[in-house]
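In what follows, a single structure is set out as structure tokens and then discussed.
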Amino acid sequence: MNTQTGTDINQAVDFLKSGAVIGIPTETVYGLAGNAFNEDAVLKIFEAKNRPHFDPLIVHTDSLEKIALFTENIPEPALKLFQNYAPGPLTLLLKKNNLIPDIVTSGLDRVAVRIPAHPLTLQLLRQLSFPLAAPSANPFGYISPTTAGHVYEQLKGKIPYILDGGACNIGVESTIAGIEEDRIKIYRPGGITAEALKTFDEYIEGPVKNETGVHTPGHLKSHYAPHKKFIAGHIPELIKTCSFKMAGILSFSENYLKAFPEIKAKQWILSPQGDINEAAVNLFNYMHLLDQSAADLILAEWVPDKGLGSAINNRLEKAAGKWQ
Ligand code: TXA
Ligand code: MG
């Protein structure tokens, strides 16, 4: 299959109406989208990503009115959250009705829903009479894509079209939350910070750490992972204790090449000024670059655990999970 990249919304609409799956931009990461009401289209998403069917998909649409069409009653705290953060990087688990095929939710009775804040994708969603099921547009377990080029590199030949909306301006996935007994619970840290959600009276806990429960988002120990060996920790210590021919260093703001001039290394600094939002924007792109570089071992450091820092550290922990 020939994979085209472009900015033509009409072409994207035609592909989606015909049941094809395409790459779409969002403010967090690129998604691999298909008609969420069409089981065949949804199957194609799992196939293109090589994703196991037990891992459910997020459904994207452009308004609360449309969400109401395929969910049961939306609880008050969820309405309040959407009023504050939609469109935006917030996904809520809501009780689904039978317009959503079971395969979308892996048989669970709640569907994950979000309204993405990307102008091109909002325009696209407005033209569709169905919502879009869309996981991140990476092969299962690999680094998430934050540019159309990343999607092309990983999925070329498997999908007909990638809608190019430029680089994602948040850079980490949405926060996933659910309402349990009228209280807000975070399941995956992401683009809306825990600090922001804590300002709501209904907030109870999160992010939930659960490596064994199958139904917690991102529950798999390894995720977002480069092909190369990836270790997260304190870089000066890792440099001393790990063996490598050439290290790939992913630092937050520090320049370790200056501190350790004697080692052979390539380095990417997430934010030389120490800006956590800039670090999130650069995270997955730099992980892609490190994976393509001449380094034989990637060493990453934790970032300050504030704001988007919790989501970044969660992704670093999962990326390193394969090697522990
Ligand atoms: O920012 C994002 O959320 C991006 C963009 C494309 O919207 N999407 C994304 O999708 O990150 P994905 O599939 O890579 O991650 C979604 C996570 C998975 O860990 C999945 O298990 C969980 O959400 N999930 C989806 N539906 C669920 C449901 N009904 N119940 C529990 N977890 C769910
Ligand atoms: Mg993903």
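Observations on the model:
- The residues of the range 165-204 that are β-branched (Val, Ile, Thr) and in contact (Cβ under 8 Å) with a residue 12 or more places away in the chain, listed by number, are Ile170, Val172, Thr175, Ile176, Ile179, Ile184, Ile186, Ile192, Thr193, Ile204.
- Only one entry of Ala294, Ala300, Ala319 meets the criterion of being surrounded by fewer than 16 Cβ atoms within 10 Å (Cβ to Cβ), closer than 19 Å to Tyr142 by Cα and either in contact (Cβ under 8 Å) with a residue 60 or more places away in the chain or of a type outside the set (Asp, Glu) (or both), and that entry is Ala294.
- Counted residues, the range 9-28 - those being in a loop (DSSP other than H, G, I, E, B), more than 16 Å from Asp62 (Cα to Cα) and either without any contact (Cβ under 8 Å) to a residue 24 or more places away in the chain or open to solvent by less than 10 Å² (accessible area, probe 1.4 Å) (or both): 3
- Among the conditions (1) at pLDDT 95 or above; (2) within 13 Å of ligand 2 (Cβ to nearest atom), Thr121 misses just one, which is (2).
Residues checked against (1) buried (at least 22 other Cβ atoms within 10 Å of the Cβ); (2) away from ligand 2 (no atom under 16 Å from the Cβ):
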residue: Ala78; (1), (2): yes, yes
residue: Thr91; (1), (2): yes, no
residue: Lys95; (1), (2): no, yes
residue: Gly107; (1), (2): no, yes
residue: Pro131; (1), (2): yes, yes
residue: Ser144; (1), (2): yes, no
residue: Gly157; (1), (2): no, yes
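- Selection of helices (runs of 4 or more DSSP H) fully inside the range 214-324 by the criterion of at least 1 residues being modelled with pLDDT of 95 or more, among the small types (Gly, Ala, Ser) and under 26 Å from Ser174 (Cα atoms) returns 276-292, 309-321.
The values are calculated or read from the model by the stated rules, or taken from the named source; none is laboratory data. For clarity, every value in this text was computed on a predicted model and none was experimentally measured. Backbone-built Cβ (ideal geometry, glycine too); neighbour counts: all protein chains shown. The accessibility values were calculated without ligands, DNA or RNA, using every heavy atom of the protein model including side chains. Shrake-Rupley method; radii C 1.70, N 1.55, O 1.52, S 1.80 Å.
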